[in-house]
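Structure first, then comments.
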Amino acid sequence: MTTPVTGRGGVSKSSSGNTWCVANGDMGKEKLQAALDFACGEGGADCRSIQPGASCYDPNTLSAHASFAFNSYYQKNARAGGSCYFGGAAYVVTQPPRFGKCELPTGSGF
């Protein structure tokens, strides 16, 4: 995971200072699914929006659904250090991610 830095050539925080947690597609299907199951289960993420027919069900991909769940968990935990790791299955980004028509919420929505 890279740490955001300011200045030329670096990654700068979004103008609003928000960060989001997204899935690391390089981790493999099994690890992503296990982390998604944790986030939506005992992790307490709000996963209603990724259920069939809900606003963020499409695109119906593991990466999109995991990103939504990971971000929900991350925002619920006030973007605390370590709340966007999931054993390496997730990382923090500083630009608002989109998956189809679904925008991942920021902490203000929780």
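Laboratory data are not the source of any read-out in this text; all were calculated from the coordinates shown. These figures come from a predicted structure and were not determined experimentally.
Things worth noting here:
- On full extension, the segment bounded by Ala34 and Gln51 gains 4.4 nm, given 0.36 nm per residue less the C-alpha separation.
- Three-way shape label, segment 21-110, alpha-carbon gyration tensor, a/c 1.5: rounded
- For the pair Tyr91 and Asn60, the difference between a 0.36 nm per residue extended length and the Cα-Cα distance amounts to 9.1 nm.
- Here the Karplus curve 6.51 cos²θ - 1.76 cosθ + 1.60, taken at θ = phi - 60°, turns the phi angles of segment 43-58 into couplings of x, x, 5, 8, 9, 4, 6, 9, 7, x, x, 7, 4, 10, 5, 9 Hz, with x standing for Gly and Pro.
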